[in-house]
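Notes follow the structure.
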Amino acid sequence: MVEAFKVENIGELSGALLIFGGPYSNLQATSALLKHAETLGFRDSNIICTGDITAYCGNPRETAELIKSSGIRIIQGNCEQSLAADKNDCGCGFDETSTCNILSAKWYNFCKAQITEDLATWMGELPTRIEFQHEGKKYHVLHGSVDEVNEFIFPTTSEHIFQKQFEKLDVDIILSGHSGIPFTKKINNKIWHNAGAIGSPANDGTPRVWYSIISDGKITHQALEYDHETAAKVMVDNGLVEYAETIQTGLWPSTDILPDHEKSQTGKPLEEKTITI
Ligand SMILES: [Fe+2]
């Protein structure tokens with residue numbers, strides 16, 4: 001897939017940054033995070049989302065409206081690109097016969113029916129990449145990989161692939177989304193960071209969702225507890241049963257997309273951690 005990138009350079013950011021990915025139509029988690037950010041004193045302009053506003057959960061329109069009105073910074077995920085282009089699938093890059101692909105037809109059709117023309121137009125106008133400087137380092141925000149919006153990059157993706165990513169961009173740190181697992185990987189003197197998804201647990205057997213804070217030369221992976229029971233109820237009420245169970249158990253309905261090591265971590269609770277960058 002050849003992608004035309006729309007890169008927005010936002011210059012220098014100062015102060016702590018809050019990074020999150022994948023709201024996934026989870027209004028309860030997204031609003032809990034934004035309230036938490038406000039409590040912590042974050043300016044909207046220092047909050048960055050790596051895309052996929054709408055996906056598995058039960059409030060696509062309300063979640064998109066919340067993000068749109070919030071003033072935070074966001075790039076397009078594959079879901080925004082599909083909705084803006086009026087496509088019939090989410091563009092996640094699942095194998096055709098996979099469970100994820102079969103389930104995606106249900107949630108994507110639900111999303112598409114809920115998203116207004118105005119919201120789809122707004123999604124299509126979002127940047128696909130954001131660049132900025134922070135504490136002397138150059139950052140590049142993308143959704144999947146340097147080449148493709150829907151490429152899955154995981155903690156155990158080969159070093160060779162990570163190195164290739166950094167050969168293509170003159171930056172110190174890449175902030176990515178799409179794969180739903182929070183991790184920070186050091187490659188020589190570069191950093192690949194995925195804050196995880198705020199709209200879905202990390203397949204770690206807990207209903208917690210993940211975001212990150214970048215400040216004073218450190219990245220901290222942090223978990224958020226929120227009203228996941230209400231999120232799950234809204235999903236059940238709308239027939240999104242499989243992922244409603246995920247929201248409660250913290251276990252994905254399928255691990256088709258995961259490499260072997262990440263599959264072996266299923267149900268093992270992740271720990272909050274801080275990494276020096
Ligand atoms: Fe995605």
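Of the residues making up segment 23-54, just one is charged (D, E, K, R) and touching a Cys at 6+ places or on another chain (Cβ under 8 Å), namely 52.
Restricting the first member to segment 124-142 and to residues that are in a strand (DSSP E or B), and the second to residues that are modelled with pLDDT of 95 or more and among the hydroxyl-bearing types (Ser, Thr, Tyr), the beta-carbon pairs closer than 6 Å and six or more apart or on different chains are 132/139.
Scan segment 36-58 for residues that are within 16 Å of the ligand (Cβ to nearest atom) and open to solvent by less than 30 Å² (accessible area, probe 1.4 Å) and the total you get is 9.
Hey, can you tell me all the residues within segment 4-30 that are surrounded by 15 or more Cβ atoms within 10 Å (Cβ to Cβ), away from the ligand (no atom under 16 Å from the Cβ) and under 17 Å from residue 215 (Cβ atoms)? 13, 16, 17, 18, listed by residue number. Of the residues making up segment 83-95, just one is without any contact (Cβ under 8 Å) to a residue 40 or more places away in the chain and near the ligand (Cβ under 10 Å from one of its atoms), namely 90.
Among 80, 62, which is more than 16 Å from the ligand (Cβ to nearest atom) and in a helix (DSSP H, G or I)? Selected residue: 62, the only one of 80, 62 that is more than 16 Å from the ligand (Cβ to nearest atom) and in a helix (DSSP H, G or I). Screening residue 230 against (1) surrounded by fewer than 23 Cβ atoms within 10 Å (Cβ to Cβ); (2) within 16 Å of the ligand (Cβ to nearest atom); (3) of a type in the set (S, T, N, Q) leaves a single unmet condition, (2). Only one entry in 103, 33 is open to solvent by 20 Å² or more (accessible area, probe 1.4 Å) and either modelled with pLDDT of 95 or more or not polar (S, T, N, Q) (or both), namely 103. Number of residues in segment 9-30 that are touching a strand residue (DSSP E or B) at 6+ places or on another chain (Cβ under 7 Å) and either hydrophobic (A, V, I, L, M, F, W, C) or modelled with pLDDT under 95 (or both): the value is 8. Residue by residue through segment 72-100, note down the ones that are over 16 Å from the mean Cα position of the chain (by Cα) and open to solvent by 50 Å² or more (accessible area, probe 1.4 Å). 85, 86, 87, 88, 89, 95, 96, 97, 99 - these are the residues of segment 72-100 that are over 16 Å from the mean Cα position of the chain (by Cα) and open to solvent by 50 Å² or more (accessible area, probe 1.4 Å). Yes or no: segment 250-263 includes at least one residue that is charged (D, E, K, R) and under 13 Å from residue 204 (Cα atoms). Within segment 250-263, one or more residues are charged (D, E, K, R) and under 13 Å from residue 204 (Cα atoms).
Would you say residue 98 is polar (S, T, N, Q) and free of Cβ contacts under 8 Å to residues at least 40 places away in the same chain?
So residue 98 does not fit the description; no.
Can you tell me which residues in segment 1-45 are without any contact (Cβ under 8 Å) to a residue 60 or more places away in the chain and either part of a strand (DSSP E or B) or of a type in the set (Asp, Glu) (or both)? Result: 38, 44.
The values are calculated or read from the model by the stated rules, or taken from the named source; none is laboratory data. Just so you know, these numbers come straight off a predicted model, no measurement behind them. For neighbour counting, all protein chains shown are included, and Cβ atoms are generated from backbone atoms with ideal geometry for every residue, glycine included. Keep in mind that these areas ignore ligands, DNA and RNA; they rest on the heavy atoms of the full protein, side chains included. Shrake-Rupley method; radii C 1.70, N 1.55, O 1.52, S 1.80 Å.
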